[in-house]
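The values are calculated or read from the model by the stated rules, or taken from the named source; none is laboratory data. A quick note: this is a predicted structure, and the numbers were derived from the prediction, not measured. Here the Cβ is made from the backbone with ideal geometry for all residues, glycine too, and neighbour counts use every protein chain on show. We work out accessible area using only protein heavy atoms, side chains counted, and drop any ligands, DNA or RNA first. Shrake-Rupley method; radii C 1.70, N 1.55, O 1.52, S 1.80 Å.
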Amino acid sequence: KTEVFNPLFSSHYVFNSMQNQAGANMRFDFKKFKFSFGGNVANTDFKQEDKLLDTTYKYSYLNFFPKINFRFNKSQSTSMSLRYNGQTRQPTISDLQPFRNNTDPLNIAIGNPNLKQQFSHNFNMDYNSYKMLTGRNMYARATLSCIQNAISQVQNVDESGRRTFQSINVDGNFNGSGYFGYGRKLFKQLHTRLGGHASFYRTNNFSNGSSNTNDNISLSPN
């Protein structure tokens with residue numbers, strides 16, 4: 001331990017979190033379909049203390065994490081399922097109060113103690129069908145995630161090329177993907193299969209006071 005230090009590049013930060021969670025789920029089984037719903041309720045308390053600046057932040061979140069599942073069995077070889085669940089992502093200590101250092105003076109991180117947690121709504125769909133006599137099979141899957149209070153970034157670059165950046169909350173981020181396939185037996189020893197995969201996402205951030213929206217689409221047939 002030393003009594004002499006540089007306060008500009010020194011940190012003494014305490015970040016504590018405590019979560020209590022409880023949940024319940026109900027399930028119904030019928031001849032051709034199964035259905036379940038429920039979820040968890042969680043309370044999370046945060047406490048941030050910057051010992052050098054003598055500041056304290058306290059906040060808490062009460063979250064509900066719903067879950068819904070539905071499965072329909074048209075036959076023994078054909079089925080479809082739908083699922084939904086909610087999920088959170090907590091800010092890290094690097095988002096709230098990055099440790100000060102001078103190893104890279106051209107990239108300077110700034111903490112955001114008021115950062116909120118992000119919440120994702122996740123949807124999934126699956127379809128499968130198979131016919132043994134012809135060797136025909138079909139399958140498909142689609143996913144979609146819509147994000148509230150997504151943890152993104154705002155950055156500013158000055159004339160000397162020095163960049164400062166900070167984590168912030170934004171809305172409008174989402175991502176999804178899907179794939180499908182179809183195959184069948186043409187002859188005894190000859191099989192064919194067609195398929196493809198697609199994905200897309202949208203992210204939002206800010207640079208030098210301007211908002212940026214980035215869209216990405218990927219297509220992969222096979």
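Annotations for the structure displayed:
- Residue 197 accessible area, assembled protein chains, probe 1.4 Å, Å²: 80
- Formal net charge of residues neighbouring residue 194 (Cβ-Cβ distance under 15 Å; K, R +1; D, E -1): +4
- Sorting 18, 132, 125 on solvent-accessible area from highest to lowest, probe radius 1.4 Å, gives 132, 18, 125.
- Counted residue by residue at 0.36 nm each, then reduced by the alpha carbon distance between them, the extension gain from residue 14 to residue 58 reaches 14.7 nm.
- Principal axes of segment 19-87: Cα extent on each, largest first, Å: 66, 19, 10
- Compared with the alpha-carbon gap, the fully stretched path from residue 41 to residue 160 is longer by 37.9 nm at 0.36 nm per residue.
- The residues 170, 14, 157, sorted by heavy-atom accessible surface at 1.4 Å with ligands and nucleic acids left out, run 157, 14, 170 from largest to smallest.
- Calculated from backbone phi, Karplus (6.51, -1.76, 1.60) coupling profile of segment 161-178 in Hz, x at Gly/Pro: x, 7, 10, 10, 9, 8, 7, 9, 9, 9, 10, x, 7, 7, 8, x, 7, x
- Shape summary: segment 73-152 maps onto an equivalent ellipsoid whose semi-axes, from the alpha-carbon gyration tensor, are 47, 15, 8 Å in decreasing order.
- Loop-located trypsin sites (Lys or Arg not before Pro) in segment 158-188, at most 14 other Cβ atoms within 10 Å (DSSP): 162, 188
- For segment 52-112, the share of accessible area belonging to carbon and sulfur comes to 55 percent (1.4 Å probe, ligands and nucleic acids excluded).
- Difference of contour (0.36 nm per residue) and Cα-Cα distance, residue 102 to residue 68: 7.4 nm
- Trypsin sites (Lys or Arg not before Pro) restricted to DSSP loop in segment 16-51 with at most 13 other C-beta within 10 Å: 31, 32, 51
- Total lysine pairs under 18 Å (Cα atoms) in the chain, excluding pairs fewer than 8 apart on one chain: 11
- Summed over the residues of segment 89-206 and divided among them, the accessible surface reaches 61 Å² per residue at a probe radius of 1.4 Å.
- Alpha-carbon radius of gyration plus Dmax, which is the widest Cα pair, for segment 128-222 in Å: 21.9, 71
- Förster radius 30 Å - calculated FRET efficiency between residue 217 and residue 189 (Cβ-Cβ, nearest 0.05): 0.20
- For a paramagnetic label modelled on residue 202 (point 7 Å from Cα along Cα→Cβ), amide N atoms under 11 Å away belong, within segment 175-196, to 175.
- For the chain, the relative contact order works out to 13 percent when only alpha carbon pairs closer than 8 Å and six or more residues apart are counted.
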